[in-house]
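The values are calculated or read from the model by the stated rules, or taken from the named source; none is laboratory data. Small disclaimer: the values here were computed from a predicted structure and weren't measured. For neighbour counting, all protein chains shown are included, and Cβ atoms are generated from backbone atoms with ideal geometry for every residue, glycine included.
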Amino acid sequence: MPIHIIPITRRRFLRVSASGAVVAITAPAVRSASDEEFSVDPHRFVFLSDTHIMADPTAEARGINMASHLRKVVSEIVVQASRAAGVIVNGDLATDGSLPTLGAYRYLAQILDPLSKQGMPIHFTMGNCDRRVLFKEALTEMLPDTPPIAGRFVNMIETERANFFLLDSLLNTEKTVTEGSLGMKQIEWLQRAIDQHSNKPGIVICHHNINLPTNLGGTQVSGLRDGAVLLDVLRSRNCVKAFVFGHTHEWRNWEVDGIHFINLPTTAYIFSPDEPCGWVNVRLEKQGMSLMLKSLDKAHPKHEKNLTLFWRK
Ligand SMILES: [Fe+2]
């Protein structure tokens, strides 16, 4: 089955943005008349996760106004000296576990609109709080005409130094459950996609975590039900260098057989008071990747600490 990568023109992107729908599937960044005002770094990306936007702009969860947090994040991204080649929003786009609404996705698109006005492609994954049908209704124009897998929103983004493989781990389309699942069709697609593009480092991006082994302090709940199968796919393909996920609202990283596991922070509410919320500035290097947390709390000890990762041989 072919892998669909949709080139977005500036005109089309703005047309969709104006109707409240934003999703882009392309890299590097599109050119625009305003490019003279911005220097586009083709190796720089922005990672966000767990935005949890609701239709009501005043909605709060755990004492946090999610829309206000995301607006701050967007305002920080748009003033960066160089424009990122893309923004990846890694799932749990809408709601705090309550019933998702179409309005939530439209409001999310509205908050992210300053990024699209700068010509930054925005890529999304599905989290356990999301609903494909609502996402599709709000963002329908930018979805592939023939998705690589029926019923799942997966995609590959090719960049000069690495390929991103975006997975869809949303398990239950009727109600919000914490666990996620990929299913064998998606795992088989991923295998084919990676094998067909093994000439560059591969970075697999998924909302859900692969449960940590119990001997490393992990549990066997809340992550991917088929995480063990996915882990086998990642470990057995040397071009796979990193697995990026959200879901836990924690900023941390570790390695499994030289594969970097990168847990993205939330832009919204945190479960542990020690955790930061914010975004991650990412640069693909020739031999690895550098990441910097941009915490909304500038006094957080991890704010602007650089994380330099080298690819396994
Ligand atoms: Fe979340």
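Output the residues belonging to region 79-128 that are over 18 Å from the mean Cα position of the chain (by Cα) and either crowded, with 24+ Cβ neighbours inside 10 Å or within 16 Å of the ligand (Cβ to nearest atom) (or both). Result: GLY97, SER98, LEU99, PRO100. Residues in region 127-145 that are part of a loop (DSSP other than H, G, I, E, B), over 18 Å from ILE205 (Cα atoms) and either at pLDDT 70 or above or touching a strand residue (DSSP E or B) at 6+ places or on another chain (Cβ under 8 Å) (or both): 2 in all.
Among the residues examined, ARG132 qualifies as surrounded by fewer than 24 Cβ atoms within 10 Å (Cβ to Cβ), more than 16 Å from the ligand (Cβ to nearest atom) and either under 15 Å from the mean Cα position of the chain (by Cα) or within 23 Å of VAL244 (Cα to Cα) (or both). Of all residues in region 235-279, those satisfying the criterion of being closer than 19 Å to HIS123 by Cβ, of a type in the set (Phe, Trp, Tyr) and within 15 Å of the ligand (Cβ to nearest atom) are PHE245, TRP279.
Across region 261-307, what is the number of residues that are under 23 Å from ARG235 (Cα atoms), under 17 Å from the mean Cα position of the chain (by Cα) and either among the polar types (S, T, N, Q) or surrounded by fewer than 16 Cβ atoms within 10 Å (Cβ to Cβ) (or both)? Within region 261-307, residues that are under 23 Å from ARG235 (Cα atoms), under 17 Å from the mean Cα position of the chain (by Cα) and either among the polar types (S, T, N, Q) or surrounded by fewer than 16 Cβ atoms within 10 Å (Cβ to Cβ) (or both) number 2. Which numbered condition trips up PRO100, out of (1) within 23 Å of GLY180 (Cα to Cα); (2) in contact with a Lys or Arg (Cβ under 8 Å, 6 or more places away or on another chain); (3) at pLDDT 95 or above? Failed condition: (3).
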